[in-house]
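Q: To start, I am sharing the structure in question, which I have written as structure tokens.
The values are calculated or read from the model by the stated rules, or taken from the named source; none is laboratory data. No experiment lies behind these values; they were computed from the predicted model shown. So basically every Cβ, Gly included, is an ideal-geometry build from the backbone, and we count neighbours across all protein chains shown. We work out accessible area using only protein heavy atoms, side chains counted, and drop any ligands, DNA or RNA first. Shrake-Rupley method; radii C 1.70, N 1.55, O 1.52, S 1.80 Å.
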Amino acid sequence: MTLNAKSITVGLPVSNLEKSASWYEKLLMSDEKLVPVEGVIEYPIGSVWIQLFEEKINVSENVLRLEVEDLDTEFERLKTLGVIVDEVIEDVPGIIRYVDFSDPDGNKLSFYWLYEQE
């Protein structure tokens, strides 16, 4: 028997909750959020919730990877927002294209697009 989770919440520590909330709202193109308790803000993405909480920052090696429909469009949007500067789209031919970047606190994120498998 496997766990039947109804949703997933990924917690990301941030140094300034309001500043980070503004950054993530631009990244996610949504201000839809939930504030379950003081000091925590959650954003829904499908059945996944991104939970921001204010805490002393210890940057981890974890990466939040989000599949997007059009990586080239998202890449240009990230450049326009100033989220990425020198980053490039990496390509593993026939498998995946992706771009890695970080939030202002150093939390690692990635947008990716999968090639259709035959």
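Q: Keeping to the stretch 1-37, report how many residues are open to solvent by 40 Å² or more (accessible area, probe 1.4 Å), touching a residue at least 60 places away in the same chain (Cβ under 8 Å) and not in a loop (DSSP other than H, G, I, E, B).
A: Going through the stretch 1-37 one residue at a time, the tally reaches 2.
Q: Name the single residue, out of those in the stretch 40-77 being without any contact (Cβ under 8 Å) to a residue 24 or more places away in the chain and of a type in the set (S, T, Y), that is nearest to E116 (Cα to Cα).
A: T73
Q: Taking the stretch 102-117 as the search range and keeping residues that are surrounded by 16 or more Cβ atoms within 10 Å (Cβ to Cβ) and of a type in the set (F, W, Y), which one is farthest from G11 (Cα to Cα)?
A: Going through the qualifying residues, I end up with W113.
Q: Any chance the stretch 38-58 includes a residue that's modelled with pLDDT under 90, farther than 17 Å from I8 by Cβ, open to solvent by 30 Å² or more (accessible area, probe 1.4 Å) and not charged (D, E, K, R)?
A: Looking through the stretch 38-58, at least one residue is modelled with pLDDT under 90, farther than 17 Å from I8 by Cβ, open to solvent by 30 Å² or more (accessible area, probe 1.4 Å) and not charged (D, E, K, R).
Q: Restricting attention to the stretch 66-86, and to residues there that are charged (D, E, K, R) and open to solvent by 60 Å² or more (accessible area, probe 1.4 Å), which single residue is nearest to I50 (Cα to Cα)?
A: Taking the stretch 66-86 as the starting set, the residues that turn out to be charged (D, E, K, R) are 67, 69-70, 72, 74, 76-77, 79, 86.
Those left that are additionally open to solvent by 60 Å² or more (accessible area, probe 1.4 Å): 67, 69-70, 72, 76, 79, 86.
On the way: E67: 15, E69: 19, D70: 21, D72: 23, E76: 23, K79: 22, D86: 26 Å.
Per the stated criteria, the residue is E67.
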